[in-house]
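This report refers to the structure that appears directly beneath it.
The values are calculated or read from the model by the stated rules, or taken from the named source; none is laboratory data. Not measured: the values here are computed from a predicted model. Glycine gets a Cβ as well: all are built from the backbone with ideal geometry, and neighbour counts include every protein chain shown. Surface areas here come from the heavy atoms of the whole protein model, side chains and all, with no ligands, DNA or RNA. Shrake-Rupley method; radii C 1.70, N 1.55, O 1.52, S 1.80 Å.
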Amino acid sequence: MAGVSVGLVLDTGDGDPEHVEEQLQYLLAELSRLELDSIDRAPAPHPPPDGTRGLEAAELGALVIGLGGGGALLPVLLGLVQDWLNRRRAGTIRIRIGDDEIELTASSDEMRQRALEEFLRRHRE
């Protein structure tokens, strides 16, 4: 099976682009420890209109991650992201594969855990 492309968007909840960038750098440092095919910044959907403040903070926190081996690293990636959020006790990360998306937060309630398990089940080899 070919590699899987995963979209990841970090939302710190405060809308501050500098804070998003700082947190994204911490997350990138942890992601770089995994044996991922690639980690790239997601291209901006379009340039901001003249006279506006620029990109939204969430757009600045967008990554495209390449998983090799048909996505075998997906459970590891999701575990790392959930652990990272739990240690910060704030923020949200949206993970997207194709048209399927899950939102992870620092909470670890039973319903969220079941949603995460279902997401993983849909994307197993």
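Key figures
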| quantity | calculated |
| --- | --- |
| Positions within the stretch 72-94 being open to solvent by 50 Å² or more (accessible area, probe 1.4 Å), assigned to a helix (DSSP H, G or I) and in contact (Cβ under 8 Å) with a residue 60 or more places away in the chain, in sequence order | 88 |
| Test: residue in the stretch 47-55 that is at pLDDT 85 or above and surrounded by fewer than 18 Cβ atoms within 10 Å (Cβ to Cβ) | no |
| Residues satisfying the stated conditions in the stretch 95-110, i.e. open to solvent by 70 Å² or more (accessible area, probe 1.4 Å) and at pLDDT 85 or above | 96, 99, 101, 103 |
| Residue satisfying all of: in the stretch 1-46; at pLDDT 85 or above, β-branched (Val, Ile, Thr) and under 24 Å from residue 122 (Cα atoms); surrounded by the fewest Cβ atoms within 10 Å (Cβ to Cβ) among these | 39 |
